[in-house]
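See structure below.
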Amino acid sequence: MPKVLISDKMDPKAAQIFRERGVEVDEITGKTPEELKAIIGQYDGLAIRSSTKVTKEILEAATNLKVVGRAGIGVDNVDIPSASAKGVVVMNTPFGNSITTAEHAIALMFALARDLPEADKSTQAGKWEKNRFMGVEVTGKTLGLIGAGNIGSIVADRALGLKMKVIAYDPFLTPERALEMGVEKMTLDDLLLRADFITLHTPLTDQTRNILSRENLAKTKKGVRIINCARGGLIDEAALKEGLESGHIGGAALDVFVQEPAKESPLFGTPNFISTPISAPRPTKRRSMSRSRSPSRWPTISSRAASPTRSTCRHSRPRKRRGSSRTWRLPRSSAA
């Protein structure tokens, strides 16, 4: 009987689904890397979310491991080259929380636009500061998408319904797809200059790390509001804090951080800053787990490990878009 370890907190139904299919499951969460190394050798499969880091050392100790499955979109907490070298298949749930994430980004955009957290505190304190919390309308404003894949396209659709203008920077976005989405494709520098709101929807790679660097944040329109529901590390958090304090950045809302869980982020307490934990309500339909690939076609996410047995995944081969480079390259003037 195959044996699976669930090493991060998940809905109890996850273990139930395994057991209904004749798989032995252990739910052991909160282990340190050394503790995980000590027990991983007895398992055929490992189910994770964000907390567990599947490093080269963990994989070396996983003598029986055949599959790592992440209940989420990205797999940047898994050492893909090491997994490939061992023939371990890395899988994810690329569409499992797409709508959830997109809706949360829109919710944070509204919270920034109307100063909702501060207005709530003020009103519950017995004040009635109507003039202080005028906020701004999103109608007619320009939303800049950094990343226009699966989640980014959902955000674009919602924003267009709000009568916003949507612009996008994504090296894999074709002119035909941009037209289909109703967005204007442009360079990162142009997006930074024009956007009233910026929302990020990319994985964290060497090419996207600090894509909103100190230099790039300085290029943004004064008063810009920034939302990140993608990955911690896409924004230079120290530079973001300085931009908020100076007033150049009108507001920022994050549910991801460089260090997670974010219990002592330097951003906490900064003016016009909103933070939430990652929001992931249960989707309306059950999504199946598929071999890791990026819905937005960003590189370096998929494991192309050869499975010891034939894969039965629906998406066993990442789609290769004709004519697109498989390497993310920022313009020289925009490099972090």
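Of note:
- Selection within region 135-183 - of a type outside the set (S, T, N, Q), open to solvent by 20 Å² or more (accessible area, probe 1.4 Å) and over 20 Å from Asp196 (Cα atoms): Pro171, Pro175, Glu176, Arg177, Leu179, Glu180
- Search result, residues across region 81-95 that are open to solvent by less than 20 Å² (accessible area, probe 1.4 Å) and either more than 21 Å from Thr205 (Cα to Cα) or of a type in the set (A, V, I, L, M, F, W, C) (or both): Ala83, Gly87, Val88, Val89, Val90
- Within the option set Asp206, Asp236, being touching a residue at least 24 places away in the same chain (Cβ under 8 Å), in contact with a Lys or Arg (Cβ under 7 Å, 6 or more places away or on another chain) and open to solvent by 10 Å² or more (accessible area, probe 1.4 Å) holds for one residue only, Asp236.
- Evaluated against (1) under 17 Å from Leu112 (Cα atoms); (2) part of a strand (DSSP E or B); (3) in contact with a helix residue (DSSP H, G or I) (Cβ under 7 Å, 6 or more places away or on another chain); (4) open to solvent by less than 30 Å² (accessible area, probe 1.4 Å), Thr220 falls short on exactly one condition, (2).
- Applying the criterion of being part of a loop (DSSP other than H, G, I, E, B) and either at pLDDT 95 or above or hydroxyl-bearing (Ser, Thr, Tyr) (or both) to the residues of region 240-266, the residue that is most open to solvent (accessible area, probe 1.4 Å) is His248.
- Tabulated pairs, region 17-35, first aliphatic (A, V, I, L, M), second in a helix (DSSP H, G or I), C-beta under 8 angstrom, 6+ apart or interchain: Val25/Ala15; Val25/Phe18; Val25/Arg19; Ile28/Ile39
- One residue alone among Lys66, Lys121 is open to solvent by 80 Å² or more (accessible area, probe 1.4 Å) and either within 30 Å of Phe197 (Cβ to Cβ) or out of contact with any Gly (no Cβ under 8 Å at 6 or more places or on another chain) (or both), and that residue is Lys121.
- Single unsatisfied condition, Ser51 versus (1) among the small types (Gly, Ala, Ser); (2) part of a helix (DSSP H, G or I); (3) surrounded by fewer than 23 Cβ atoms within 10 Å (Cβ to Cβ): (2)
The values are calculated or read from the model by the stated rules, or taken from the named source; none is laboratory data. Note that the coordinates shown come from a computational prediction; the quantities given were computed from them, not determined experimentally. Glycine also receives a Cβ, built like all others from the backbone with ideal geometry; neighbour counts cover every protein chain displayed. Remember, those area values only see protein heavy atoms, side chains included, never the ligands or the DNA or RNA. Shrake-Rupley method; radii C 1.70, N 1.55, O 1.52, S 1.80 Å.
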